[in-house]
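Peer 1: So that we are looking at the same thing, I have put the structure below in structure tokens.
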Amino acid sequence: MKRPSEPDAPAVPSLLVFAIAVLVFGSPLRRLWLAEGAPGWLPFLVWLGVIGLGFWAAHRSGGHDA
């Protein structure tokens, strides 16, 4: 039997992904993937990671139809 969830429960994983994205894109951490010798595809890989985390959060919180 599935336990009833709190009304704000689906928002928690999404807020976590948002906080991680703000940390990655708004802090000095971005210097790691924007360094002069870094490959050109590295920023796209970082974006793909954030999108993947968002997909995981939506899937985990039951925000999908199937």
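Peer 1: Within segment 43-60, which residues are touching a helix residue (DSSP H, G or I) at 6+ places or on another chain (Cβ under 6 Å) and open to solvent by 40 Å² or more (accessible area, probe 1.4 Å)?
Peer 2: Leu53, Arg60
Peer 1: Go through (1) in contact with a helix residue (DSSP H, G or I) (Cβ under 8 Å, 6 or more places away or on another chain); (2) modelled with pLDDT of 90 or more; (3) among the β-branched types (Val, Ile, Thr) for Ile20 and report which single condition fails.
Peer 2: (2)
The values are calculated or read from the model by the stated rules, or taken from the named source; none is laboratory data. This structure is a prediction, so every number in the text was calculated from the model and none was measured. Using ideal geometry, Cβ is built from the backbone for each residue, glycine included, and neighbour counts are taken over all protein chains shown. Calculation scope for accessible area: heavy atoms of the full protein, side chains included, ligands and nucleic acids excluded. Shrake-Rupley method; radii C 1.70, N 1.55, O 1.52, S 1.80 Å.
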